[in-house]
Amino acid sequence: MKALPLLITLLSFYSNAETKVFEEFQFYEVAPTSKNDLLRTLNRTSPIREDGEVFHGYTKYNINWRFWWKTNDNQCVFTKVETILKLKYTLPNLKSSKPDVKAIWFNWYPNLKTHEEGHAELAKNTANKIDKKLLSIGPKSDCNILEKSANNLAHKLMAELKEANKNYDVNTNHGETQKAWLYLHLDTSGGDD
């Protein structure tokens, strides 16, 4: 099996209130010999496999939260909440100078990226919700109760995010309705390499 070249090219940071978002891009190389070999090469080189299926793009998310509190008058209240979202996109990188291959690629690739950005947006929305909802939890008589309430709420929002991602993939058929499937961009009329 050929070694999979990985290139980490971007790490960006955004801040929204106390929500911190870090994005990382990991690319796998696709070097087709012709436009007719493009889909086969993409399927062969993609590291993204799930339930026996090959996917060409993937967005992984990890959301962590932490909080600070103070006690006043036998009550415990949050003073600060920080939510950190780490996003890691896995996407293909074309290694071909053939004009016909590049034309198909540049017609298709933005749609794949748009689909993956949709997954990222769901995660960003959830991270922001966790941040705001935890900070809005009212005072509790005990800091352990406050901590448990916050973690239960955050875990509930994480479960909703998991479901939202499943629904997004069902509704778009993993990006097919967004033209994120390469076969939609290939000329099926035959033709030359």
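Quick notes
- In the set (1) part of a helix (DSSP H, G or I); (2) within 19 Å of His56 (Cα to Cα), the condition left unmet by His174 is number (1).
Yes/no matrix, rows are residues, columns are (1) out of contact with any Pro (no Cβ under 7 Å at 6 or more places or on another chain); (2) free of Cβ contacts under 8 Å to residues at least 12 places away in the same chain; (3) open to solvent by 30 Å² or more (accessible area, probe 1.4 Å); (4) within 30 Å of Phe55 (Cα to Cα):
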position: Lys133; (1), (2), (3), (4): yes, no, yes, no
position: Ser136; (1), (2), (3), (4): yes, yes, yes, no
position: Asn144; (1), (2), (3), (4): yes, yes, yes, no
position: Asn152; (1), (2), (3), (4): yes, yes, yes, no
position: Leu157; (1), (2), (3), (4): yes, no, no, yes
position: His174; (1), (2), (3), (4): yes, no, yes, yes
position: Leu186; (1), (2), (3), (4): yes, no, yes, yes
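- Selection count where residues are in a strand (DSSP E or B) and either open to solvent by 50 Å² or more (accessible area, probe 1.4 Å) or among the charged types (D, E, K, R) (or both), scope the stretch 36-53: 3
- Ala180, sole failed condition from (1) open to solvent by less than 90 Å² (accessible area, probe 1.4 Å); (2) modelled with pLDDT of 95 or more; (3) part of a helix (DSSP H, G or I): (3)
- Per the conditions (1) at pLDDT 95 or above; (2) assigned to a helix (DSSP H, G or I); (3) open to solvent by less than 80 Å² (accessible area, probe 1.4 Å), the sole criterion not satisfied by Tyr61 is (2).
- Failed criterion for Lys80 (all others in (1) basic (Lys, Arg); (2) loosely packed, with under 15 Cβ neighbours inside 10 Å; (3) closer than 19 Å to Lys166 by Cα hold): (3)
- Number of residues in the stretch 104-131 that are more than 18 Å from Lys162 (Cβ to Cβ), crowded, with 18+ Cβ neighbours inside 10 Å and more than 15 Å from the chain's Cα centre (by Cα) equals 5.
- Residue pairs whose Cβ atoms lie under 6 Å apart, separated by 6 or more positions or on different chains, with the first residue in the stretch 88-106 and more than 30 Å from Lys124 (Cβ to Cβ) and the second part of a strand (DSSP E or B), are Lys95/Glu29.
The values are calculated or read from the model by the stated rules, or taken from the named source; none is laboratory data. All of these numbers come straight from a predicted model, not from anything done at the bench. Because the Cβ atoms are built from the backbone with ideal geometry, glycine has one as well, and the counts that use them run over all protein chains shown. Only protein heavy atoms, including side chains, enter the accessible area calculation; ligands, DNA and RNA are left aside. Shrake-Rupley method; radii C 1.70, N 1.55, O 1.52, S 1.80 Å.
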